[in-house]
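Peer 1: My structure is below; once you've seen it, I'll send some questions.
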């Protein structure tokens, strides 16, 4: 099974551009499964990037029609006004270990190339911040009592330490642990001692030249000590595609390499 995992899709332009490119990538690279983190695909408000993203129904439909098989999320999963409808799809995930009665699910299975793949979406405390309460991600994983290692975990976290610790804890029991949230791609695609592929962050499908795909003026304004309300815009640079290509055998062992492009 050949899998493409794409980092956080940021904004409408990245969404549409990715939708055009993806069918070609699937054909040319022979991807059987495509997973994309889309928690930033929709700008739901322009006054607060910490609460103003999400994934709308329109964004979800665009990605699914373009050939994305499973969509994952993170701390922005519930930002869009119609998030409950978007998260109702069995092919759309949000962090499994978020505590509380929130819409969505955190685990999905997908079958392709004669193999069944389990995808798990987890979030670390560093990404949850004060907005959400999360249970221990390792305990949440253990409670699933998975029987095979054909598993990919999207670990949404701001902390490399959290990501590395979790990856080592499940090494040999999952095919890959891929970090999301920082939008900054890790240079290393590692194979841990017991065979699990680990990447600290896949990166993003979003515009370069800013702060996590956002025009830097918003954050520079805040760092300069100005706290009055102000709006933000997305960065205007070329679109960068950050992703990971995985080859997973029938027994769940995997190899991985970086998948990168500029659109």
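The values are calculated or read from the model by the stated rules, or taken from the named source; none is laboratory data. Bear in mind that the values here come from a model prediction, so they are computed numbers and not experimental data. Please note: Cβ atoms are built from the backbone with ideal geometry, for glycine as well, and neighbour counts cover all protein chains shown.
Peer 1: For region 1-39, what are the residues that are touching a helix residue (DSSP H, G or I) at 6+ places or on another chain (Cβ under 9 Å) and over 30 Å from residue 230 (Cβ atoms)?
Peer 2: The answer is 2, 4, 6, 19, 20, 21, 22, 23, 31, 32, 34, 36.
Peer 1: For region 50-74, which positions are in a helix (DSSP H, G or I) and under 24 Å from residue 97 (Cβ atoms)?
Peer 2: 59, 60, 63
Peer 1: With respect to the numbered conditions (1) in contact (Cβ under 8 Å) with a residue 40 or more places away in the chain; (2) surrounded by fewer than 23 Cβ atoms within 10 Å (Cβ to Cβ); (3) under 25 Å from residue 125 (Cβ atoms), which one is the sole condition not fulfilled by residue 192?
Peer 2: Condition (1) is where residue 192 drops out.
Peer 1: Quick check on region 171-185: of everything there that is free of Cβ contacts under 8 Å to residues at least 40 places away in the same chain and closer than 11 Å to residue 7 by Cα, which residue is surrounded by the fewest Cβ atoms within 10 Å (Cβ to Cβ)?
Peer 2: The qualifying residue surrounded by the fewest Cβ atoms within 10 Å (Cβ to Cβ) is 184.
Peer 1: Within region 104-126, can you find the residues that are outside any strand (DSSP E or B) and surrounded by fewer than 23 Cβ atoms within 10 Å (Cβ to Cβ)?
Peer 2: Of everything in region 104-126, those that are outside any strand (DSSP E or B) and surrounded by fewer than 23 Cβ atoms within 10 Å (Cβ to Cβ) turn out to be 104, 106, 113, 114, 125, 126.
Peer 1: Given the criterion in contact with a strand residue (DSSP E or B) (Cβ under 8 Å, 6 or more places away or on another chain), in a loop (DSSP other than H, G, I, E, B) and farther than 28 Å from residue 13 by Cα, identify the matching residue among 149, 227.
Peer 2: Just a single option satisfies the conditions, and that option is 149.
Peer 1: When you scan region 252-262, do you find a residue that is surrounded by fewer than 14 Cβ atoms within 10 Å (Cβ to Cβ) and under 26 Å from residue 146 (Cα atoms), even just one?
Peer 2: yes
Peer 1: Then there is this: Within region 40-49, is there a residue that is in contact with a helix residue (DSSP H, G or I) (Cβ under 6 Å, 6 or more places away or on another chain), part of a loop (DSSP other than H, G, I, E, B) and free of Cβ contacts under 8 Å to residues at least 60 places away in the same chain?
Peer 2: yes
Peer 1: Let me ask something else. Pick out the one residue from 28, 82, 32, 69 that is within 16 Å of the chain's Cα centre (by Cα), surrounded by fewer than 24 Cβ atoms within 10 Å (Cβ to Cβ) and at pLDDT 95 or above.
Peer 2: 69
Peer 1: Give region 151-170 a look and list any residue that's crowded, with 21+ Cβ neighbours inside 10 Å and closer than 17 Å to residue 72 by Cα, or say none.
Peer 2: Residues satisfying the conditions are 151, 152, 153, 154, 155, 156, 157, 163.
Peer 1: Counting only residues that are free of Cβ contacts under 8 Å to residues at least 40 places away in the same chain, part of a loop (DSSP other than H, G, I, E, B) and in contact with a helix residue (DSSP H, G or I) (Cβ under 8 Å, 6 or more places away or on another chain), which one in region 84-103 is farthest from residue 32 (Cα to Cα)?
Peer 2: Here the residue is 103.
Peer 1: Here is a follow-up. Restricting to region 238-248, name every residue that is surrounded by fewer than 21 Cβ atoms within 10 Å (Cβ to Cβ) and either modelled with pLDDT under 95 or within 17 Å of residue 189 (Cβ to Cβ) (or both).
Peer 2: Selection gives 245, 247.
Peer 1: Could you check region 201-230 and list, in sequence order, the residues that are surrounded by fewer than 14 Cβ atoms within 10 Å (Cβ to Cβ) and farther than 18 Å from residue 17 by Cβ?
Peer 2: 220, 222, 223, 224, 225, 226, 227, 228, 229, 230
Peer 1: For region 1-25, how many residues meet the condition of being crowded, with 23+ Cβ neighbours inside 10 Å and farther than 15 Å from residue 247 by Cβ?
Peer 2: Adding up the residues that qualify gives 9.
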